[in-house]
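I have placed the structure first, in the form of structure tokens, so that the comments after it can refer back to it.
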Amino acid sequence: MSAKPLHVLVIGAGFGGLTLAHGLRKAGVSVAVYEKQRSRTDGLYGYRVGIDPTGNRALKDCLPPQLFDTFLATCARTPLYFNVLTEKKKRTAAIRLRGDADLINSERSVSRQTLRQLLLTGLEDITHFGKELTHYEQRPDGSVTAFFADGSSATGDVLVAADGAHSAVRKQYLPHAKLKPAGITTIGAKIPMSREALALLPRPSQQGLSLVFAPKGFMCIWHVMEFRWDERGGIKDSAAGNDAELLRSWPGLLFDNTRDYISWGIWAADDKFPKDVLKLRGQDLIDLTLKLTPNWHPDFRKLFAMADPTTPFPLHIATSEPVPAWKTTNVTLLGDAIHTMTPGQGVGANTSLRDAMLLTRALTAANNGSRDLIGAIGEYEAEMIPYGFARVKDSLAENGTSGEDPLHKPVVGRAVLAGARAYFKAVDKIPSMQRKFLDDLYTYRGAE
Ligand SMILES: Cc1cc2nc3c(=O)[nH]c(=O)nc-3n(C[C@H](O)[C@H](O)[C@H](O)COP(=O)(O)OP(=O)(O)OC[C@H]3O[C@@H](n4cnc5c(N)ncnc54)[C@H](O)[C@@H]3O)c2cc1C
């Protein structure tokens with residue numbers, strides 16, 4: 001087979017699109033990224049993302065080695081405990097996690113904004129901001145042209161939809177694909193780190209992530225995020241030698257305003273929130289959270305009230321419906337653009353990174369001539385669609401992130417809450433159950 005060098009158009013500079021661009025560039029494939037945000041600091045990139053073994057593996061595969069090391073240095077302190085609490089701040093479980101000695105088979109916390117800055121590093125010359133795709137055209141000669149809202153266009157051999165849950169590419173390419181509301185509303189916010197704020201959390205929660213199961217289907221998650229740089233962006237003395245060097249030479253830190261924080265996110269069925277919740281901003285969202293949690297422990301309520309009023313954001317959670325297989329062409333999709341899932345399992349970003357790694361391999365083979373282009377994309381899709389939609393289904397079954405979950409039903413919900421607490425209490429107390437819980441957790445998240 002003769003090799004015809006490809007030019008790949010990636011629509012969307014999110015985690016998946018940028019990781020794909022790194023992977024292709026590393027493999028010598030020509031690629032350009034088109035992002036609708038107007039600059040590298042625009043967009044809603046506030047919350048914490050957990051990167052699991054699947055995500056670590058994809059990043060290691062696709063990024064240049066030094067950038068992968070910088071990724072490790074930009075992560076927050078690795079969570080030590082997975083905690084389950086009641087809304088009265090009582091411990092249900094405090095399960096010790098496995099740490100990060102194994103670079104790949106470990107769980108990391110990263111700020112969404114920081115990871116985005118990291119992934120933009122080294123792609124500055126091929127990432128085009130202010131380019132909102134409106135539509136594309138496939139031509140008989142095998143080329144594809146993307147058209148943007150500013151009147152410009154770009155032509156290549158392959159077009160990859162990495163433009164997230166509301167993908168404009170998917171709407172044109174697979175108009176029958178549906179994104180539906182999961183029936184869940186969430187509000188998230190950040191508290192600037194302080195001794196006073198940290199002391200309001202139980203000790204194991206100060207060193208990890210904590211899930212609160214509360215009555216009426218309310219849930220909350222706490223994350224303690226401590227980085228290797230201080231509030232002025234200077235490298236902390238505690239950063240190990242190599243990390244300090246990497247961070248000092250990393251230009252992304254200049255664009256990133258992430259500082260140590262504690263984040264909270266509460267969620268429940270839509271009917272627990274006012275209808276206009278998406279219109280609320282700032283202090284109104286903090287006040288609403290306090291109104292929704294009158295019987296929660298005063299320390300949790302203090303923490304809600306301590307949120308920086310510029311940080312709260314409301315979301316209705318959405319989920320993709322499975323799409324029957326389609327005829328493969330030179331337009332393909334990855335990440336949320338094809339399989340949006342609830343944050344129930346915390347694997348949406350990781351799945352997007354996995355897609356990027358697989359698609360890198362497929363397009364590299366086509367670029368080298370060891371595989372025909374449509375065959376290579378077809379193999380990628382045949383692998384990605386089953387695991388992607390399996391993750392969508394799993395995410396609806398976990399942590400009350402589907403409005404259909406019995407946790408949200410008036411009477412049965414109480415029994416389900418009691419059952420969940422009893423299960424985690426047993427995991428906390430019985431070593432064999434705890435081992436199984438951890439094995440299942442890490443295996444699901446890609447540990448080998
Ligand atoms: C509260 C919350 C917590 C989460 N926590 C986790 C977690 O812990 N772990 C995890 O794995 N996942 C988590 N997720 C899911 C994760 O954030 C997403 O799955 C992930 O961001 C998807 O990456 P992506 O690259 O596919 O899409 P996105 O990150 O959505 O990127 C899409 C990009 O395309 C751009 N774009 C959109 N339309 C256009 C257009 N027409 N033209 C050009 N560009 C366009 C957007 O501006 C954006 O930059 C969480 C999600 C939420 C809401």
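The table below gives the values:
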| read-out | value |
| --- | --- |
| Criterion: among the small types (G, A, S), more than 10 Å from the ligand (Cβ to nearest atom) and in contact with a helix residue (DSSP H, G or I) (Cβ under 9 Å, 6 or more places away or on another chain) - qualifying residue of A356, A307, A337 | A307 |
| Yes/no for F129 being open to solvent by less than 70 Å² (accessible area, probe 1.4 Å) and either of a type in the set (S, T, Y) or free of Cβ contacts under 8 Å to residues at least 60 places away in the same chain (or both) | no |
| Selection within the stretch 410-435 - in contact (Cβ under 8 Å) with a residue 40 or more places away in the chain and either over 17 Å from V84 (Cα atoms) or not β-branched (V, I, T) (or both) | G413, R414, L417, A420, R421, F424, K425, D428, Q434 |
| Sole residue being at pLDDT 95 or above and of a type outside the set (A, V, I, L, M), chosen from R48, R40, R57 | R57 |
| Among (1) in contact with a Lys or Arg (Cβ under 8 Å, 6 or more places away or on another chain); (2) open to solvent by less than 20 Å² (accessible area, probe 1.4 Å); (3) of a type outside the set (S, T, Y); (4) within 24 Å of I191 (Cβ to Cβ), the one test that M219 misses | (1) |
| Unmet criterion (only one of (1) in contact with a Gly (Cβ under 7 Å, 6 or more places away or on another chain); (2) modelled with pLDDT of 95 or more) for P274 | (1) |
| Yes/no for K327 being away from the ligand (no atom under 16 Å from the Cβ), under 30 Å from T155 (Cβ atoms), at pLDDT 95 or above and surrounded by fewer than 17 Cβ atoms within 10 Å (Cβ to Cβ) | yes |
| Among (1) within 11 Å of the ligand (Cβ to nearest atom); (2) more than 30 Å from A199 (Cα to Cα), the one test that G344 misses | (2) |
| Test: T186 is over 18 Å from T127 (Cα atoms), part of a strand (DSSP E or B) and of a type outside the set (A, V, I, L, M, F, W, C) | yes |
| Qualifying positions in the stretch 146-187 - polar (S, T, N, Q) and either away from the ligand (no atom under 13 Å from the Cβ) or without any contact (Cβ under 8 Å) to a residue 24 or more places away in the chain (or both) | S152, S153, T155 |
| Strands (runs of 3 or more DSSP E) contained in the stretch 117-163 and holding at least 1 residues under 27 Å from D256 (Cα atoms) | 133-138, 158-161 |
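The values are calculated or read from the model by the stated rules, or taken from the named source; none is laboratory data. Worth saying up front: this structure is predicted, and the values here are computed from it rather than measured. Note: ideal-geometry Cβ built from the backbone for every residue, glycine included; neighbour counts use all protein chains shown. Note: areas computed on protein heavy atoms with side chains; ligands, DNA, RNA excluded. Shrake-Rupley method; radii C 1.70, N 1.55, O 1.52, S 1.80 Å.
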